[in-house]
Each structure stands twice: as structure tokens, then as C-alpha cells.
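Have a look at the structure below, then the notes.
All of the numbers you see were taken from the coordinates with simple rules; none came from a lab. Note that this is a predicted model, so its numbers are computed, not measured. Methodologically, a virtual Cβ is constructed for each residue, glycine included, from the backbone with ideal geometry; neighbour enumeration extends over all protein chains shown.
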């Protein structure tokens, strides 16, 4: 069996691979690692399934698949994971992903936001606009107004 691309030192099937088969990472940090592994392995369906459902239709699947396939993934470094609590529970994960492609070697640092919905963690994609104004119901389906829920976790 292969080592997990997330860099945990565990085997893929004992680490991120099990979430690729059945989404449901226990926390935002684990979800972040499994999403990196999904990019490495071309698991685009998993990336869609673990993005906030209100944003899934806005994802550019062709671009995601092209980036996944064209990159030689060099590693993931998670600097911090912070679970903030609340109802629904939110979290931030700071990471740096490194890859090589035809244009050279790259690194991307991001502080990603996550929300728990229906007992599952989801990535809030900063590249996909959430169609909600401050007083609209939150797209995460928490039952709260957007301004009281996910609005503060959207990076503008």
C-alpha cells in the first residue's frame, strides 16, 4: 500500500483514503489534509463533496481536474488548525501546499475556513461567491442569518 500524500506518515488506506471512499472527516484539520491528498490523486468528486453544498454548483471542475493532473505535488505543511465552536461549529486551517508544473515550482499559503453542517465538515471555498446578503438565511443551512453565521469566515 502507498503512503498517504498528506505527509502524515500513515498509509493512504488508513489515512485520507478512507475519507475519499466515504466523506466524513472528524475535524477541519483532517478534512484539509484529505482535500490535499484528493488533489494529488485526482479525486475531484471528493473535492466537490467536501465543499459547502451551497457552493458546489459554482466549482470549476475542469480547472480543478486540470490543475490536479498537471501538477507534481511536493508536499503539504499545516501550520495551524483552530476550531472555534459555535452553532454551527466553524474552524480555520492555515497551510502551505507546494507543487511543480510546467511553469516551475510553486507554493500557496492559505487560511481556509470550514463549517460543520449535518455532522460533516465542509470547506468554504473563497473562490466561489456565496449568494447571500447579511440578513439572508446562511447558505450553510444553520437556520441563522448569514451575518451571524458564515459571513465572518468568508475571505474577501
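Can you put 125, 77 in order, fewest other beta carbons within 10 Å first?
On the way: 125 19, 77 12.
Going from least to most buried by this count: 77, 125.
Where does the chain land at 222 nm, in deg cm²/dmol rounded to the nearest 500, when only DSSP H runs of n ≥ 4 count, each adding -39500 (n - 2.57), divided by all residues?
Details: 4 runs with 36 residues, N = 156.
The helix contribution divided over the chain gives -6500 deg cm²/dmol.
Would you mind ranking 124, 154, 44 by Cβ crowding within 10 Å, fewest neighbours first? Can you show the working numbers first?
Working: 124 23, 154 15, 44 18.
Ascending Cβ contact count within 10 Å gives the list 154, 44, 124.
Please arrange 64, 32 by how many other C-beta atoms lie within 10 Å of their C-beta, fewest to most.
Values: 64 17, 32 27.
Listing 64, 32 from fewest to most nearby Cβ atoms yields 64, 32.
Which of these, 17, 104, 85, has the largest mean-square fluctuation under a Gaussian network model of the chain (Cα springs below 10 Å)?
Evaluated over the chain, the most mobile residue of the options is 104.
Between the alpha-carbon centers of the range 69-85 and the range 10-31, tell me the distance in whole angstrom.
About 14 Å separates the Cα centre of the range 69-85 from the one of the range 10-31.
Would you work out the relative contact order for the chain, in percent, from Cα pairs under 8 angstrom that are 6 or more residues apart?
Numbers: 272 pairs, mean separation 28.5, N = 156.
Taking the mean separation of contacting Cα pairs over the length of the chain, I get 18 percent.
Shape call for the range 61-116 from the C-alpha gyration tensor, a ≥ b ≥ c root eigenvalues: rounded (a/c under 1.5), prolate (a/b greater than b/c) or oblate? It would help to have the intermediate numbers written out before the result.
Working: a/c = 4.32, a/b = 1.98, b/c = 2.19.
Oblate.
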